[in-house]
Amino acid sequence: MTTKSAAAATVHGYPRQGRNRELKKAIEGYWKGAVTAEDLLATAADLRRANWQQLAGAGIEEVPTGDFSLYDHVLDTSVAVGAIPPRHRAAVAADELDGYFAMARGTQQVPPLEMTKWFDTNYHYLVPELGPDTVFAADPSKAVGELREALSLGHRARPVLVGPVTYLLLAKPAPGVAADFQPITLLDRLLPVYAELLAELKDAGAEWVQLDEPALVQDRTPAELNAAARAYRELGALTERPKLLVASYFDRLGEALAVLAKTPVDGLALDFTGPAAANLADLAAVGGLPGKRLVAGVIDGRNIWINDLEKSLATLATLLGLADTVDVAPSCSLLHVPIDAAAERDIDPQIARWLAFAKQKAREAVLLARGLREGIGAVTAELAANRADLASRAASPITRDPAVRARAAAVTAEDTRRAQAYPQRTEAQRARLGLPLLPTTTIGSFPQTTELRTARADLTAGRIDAAAYRERMEAEVREVIGYQEKAGLDVLVHGEPERNDMVQYFAEQLTGYLATRHGWVQSYGTRYVRPPVLAGDISRPHPMTTEWFGYAQGLTVRPVKGMLTGPVTMLAWSFVRDDQPLADTARQVALALRDEVTDLEAAGAAVVQVDEPALRETLPLRAAARPAYLAWATEAFRLATSGVRADTQIHTHMCYAEFGAIMTAIDELDADVISLEATRSHMEVAGELAEAGYPREVGPGVWDIHSPRVPSTEEVVSLLRAGLAAIPAERLWVNPDCGLKTRGWPETRASLEGLVGAARLLRAELAD
């Protein structure tokens, strides 16, 4: 009879940035030439060491390695398997570090890799580019080097790599490769490279290696499931390898669970939170994992609420009968949450008791492992305190506002539809706006300079008063409006200098939201955001944007867009409450935004943009759950935007996602104009919209603002020609991919002037 080992605590990964975002500062300093490569790498090593020490100090018995990245872990995998795009090979050969960042950000000579969302999170990864001629070659230096670092410090360490099946399923055909090429066909070519990486890690001292396969929680074809089975039969059969732990997260494994359970891998890591709670019944149905290790993700690794410890212990007790070893972990990498809730000293202590960031979640895993090993009696006091905290939250008046709930319950179908159909609206809007063919605009924000950030910090610290701050912001708005007029843009924006973040700015003005001071989470590369905490019922006590809109519109006769963040994005980029359906929360946010939209119209706004970049991001990973989500998500957008006149033009914006799966939903939004990211995907979305018969106006982006490159006029013209091949000129707008907050003024001026010049050139051609 097999003896079952005692439960241990572990995590899949940990935040990379450091408590004070030291990594961001070091990398951006390196890009500016103010930090040497040696100093950057030393900072990274210090942060890795601090992470491992923090985890070990909390009682985590097996720390992850390889999860740390200078930019993105999928890009790291591309480097590890030698999948360097041909256009970047010279840069990588000349300098590995600069070549790495060139793949991520591009250079003036070559564009970067495409970037898109990591499953249904707000983290962005760099999309691998593969083709029939791709030759893989193992580069174990990062994985082996970081493992040796951890082992030398006395830690028990488990390297983490993106698994081969997920890597290929995330990849796209390289430029010039047929669009119907399927990267998964390269699996037999890739597996020997993984075998080499595993052998190198074993030689370096790895007992276990974790291969992440989150793509297997999505609906997969029989051929893709067969590929997964083949991959793990082959890797499991290797003689020179560490033990293999295959990890999945974000949803239930479904059909892939039985496939992986039959392979000779040594363990599985499964998510048991949210929709992935179904993994418990599925695991029992396949007969458990006899002879294997189970890492049970019973702590939500993507949200910030404390765990229900008694409920998790009950789940773990059931799992004890389904595997030889049951270890405890959060559901996924803690990359998706801030580092330490204890740093949030401005939050009401009563509410702070409800929060668990990465540091607290690691401790929860340790406590649950102890309870599983030693019995509930060993953690009685902790369970009692947890019970009290959960009860405190459930009973708190912050969570329920009767007036908000009554208004939401009174919403009718008529409230969620414009009074006029699009053909009638567009006539009224064109008459009011008088725009040329191929109208030019930007997405919303302009560069957030050091001076602007300093002014915001000075206001917070009390070094300047509100009047001085407003004077500084008004000066910035005047500069932005003046520049846009001079550059020749047709529809202007005020530049959003007063806004710290497109979600946080609104959250700070709505009831029910909490803002953090130190709750930074990586979005991509060195871009970090502080998602607000959605703790209670939502309402709008006062107008949020009308005063700034009115000031900007008073400076120009050209239309200025009112700028808002949509209800789905307000949820997706916050830590949402988990005590009611998301649809209910979305309706509350939509009603607050509806008030703001109608106030903007009353203030003179002819154009109001309500951004929904997260609509695709939040799409459930399993197709069966998508119709219900899209129904409430599109209804929430329409509820927010349907209270205006026919001649008020409603815009929306989306970026960095795969839009094919939501084309019908994009139509259901009933926006008059939609702008989308299109540059890195080479205007692919324009063809998708045309194929779907999308009837409204479209602004596919022609400038990749997540790269420092300044596109030439010729590049923009080429992209616009591709757009015109799919979308008639009378329905095509010209704009960047996204807001300009992260860009500097020199590149902004050069790029926008090229964009306007390209639009004028094509207008002249169309006039002929």
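The values are calculated or read from the model by the stated rules, or taken from the named source; none is laboratory data. None of the values given here were measured: they were computed from a predicted structure. Quick reminder, even Gly has a Cβ in these numbers, built from the backbone with ideal geometry, and neighbours come from all protein chains shown. Just so you know, the surface numbers come from the protein's heavy atoms only, side chains and all, with ligands and any DNA or RNA stripped out. Shrake-Rupley method; radii C 1.70, N 1.55, O 1.52, S 1.80 Å.
A few notes on this one:
- Treating each Cα of the range 218-357 as an identical point scatterer and summing with the Debye formula, the log10 of I(q)/I(0) at q = 0.16, 0.19, 0.22 Å⁻¹ comes to -0.85, -1.09, -1.33.
- Separation of alpha-carbon centers, the range 399-414 and the range 117-169, rounded to whole Å: 47
- The range 572-707: C-alpha gyration tensor shape, a/c 1.5 cut-off, then a/b vs b/c: oblate
- Most simply put, the chain has about 15% antiparallel DSSP beta bridges, counting only bridges with both residues inside it.
- Summing charges over all other residues whose Cβ lies under 12 Å from the Cβ of residue 108, with Lys and Arg as +1 and Asp and Glu as -1, gives 0.
- Cα-centre dipole for the chain with unit charges at Cβ (Lys and Arg positive, Asp and Glu negative), debye to 20: 920
- In plain terms, the chain from residue 668 to residue 388 could stretch by 96.4 nm, reckoned as 0.36 nm per residue minus the Cα-Cα distance.
- Rounded to whole numbers, the Karplus 3J(HN,Hα) couplings from phi for the range 368-379 are 5, 4, 5, x, 5, 6, 9, x, 4, x, 6, 10 Hz, using 6.51 cos²θ - 1.76 cosθ + 1.60 with θ = phi - 60°, and x at Gly and Pro.
- Residue 89 versus residue 766: modelled label distance in nm, points set 7 Å from Cα along the beta carbon direction: 4.1
- Here the range 652-723 is treated as a Stokes sphere of Kirkwood radius computed over C-alpha pairs; at 4 °C and 1.567 mPa s its diffusion coefficient rounds to 103 µm²/s.
- Derived scalar couplings ³J(HN,Hα) [the range 749-766; Karplus, 6.51 cos²θ - 1.76 cosθ + 1.60; whole Hz; x for Gly, Pro]: 4, 5, 6, 5, 5, x, 5, 5, x, 5, 4, 5, 4, 6, 4, 4, 4, 5
- Long-range amide H partners of residue 328 with built H, under 5 Å: 8, 9, 10, 296
- The phi-based Karplus calculation (6.51 cos²θ - 1.76 cosθ + 1.60; θ = phi - 60°) puts the 3J(HN,Hα) values of the range 523-531 at 9, 6, x, 9, 8, 10, 10, 10, x Hz, whole numbers, x for Gly and Pro.
- DSSP-assigned coil residues among trypsin sites (Lys or Arg not before Pro) in the range 482-553, each with at most 14 further Cβ atoms within 10 Å: 517
- Within the accessible area of the chain (1.4 Å probe), percent carbon and sulfur: 53
- Sorted on the mean count of surrounding Cβ atoms within 10 Å across their residues, most packed first, peptides 209-215, 401-407 read 209-215, 401-407.
- Of all DSSP beta bridges in the range 443-560, antiparallel share, percent nearest 5: 75
- Counted by Cβ distance under 14 Å from residue 424, the other residues give a net charge of +3, where Lys and Arg count +1 and Asp and Glu count -1.
- Distance histogram for the chain (every C-alpha pair counted, 20 angstrom bins, percent rounded to whole numbers): 16, 50, 31, 3, 0
- Label point distance in nm, residue 691-residue 431, each placed 7 Å from Cα along Cα→Cβ: 3.8
- For the range 465-507, the list of GluC sites (Glu not before Pro) that fall in a loop by DSSP and count at most 15 other C-beta atoms within 10 angstrom is empty.
- Equivalent-ellipsoid semi-axes of the range 87-236, from the Cα gyration tensor, Å, largest first: 25, 23, 15
- Sorting 453-459, 394-400, 137-143 by average packing, meaning the other beta carbons within 10 Å per residue, from highest down gives 137-143, 453-459, 394-400.
- The local environment of residue 68, defined by Cβ-Cβ distances under 12 Å, has a net charge of -2 under the rule Lys, Arg +1 and Asp, Glu -1.
- Solvent exposure of the chain, expressed per residue, is 36 Å² of accessible area, with all protein chains present and a 1.4 angstrom probe.
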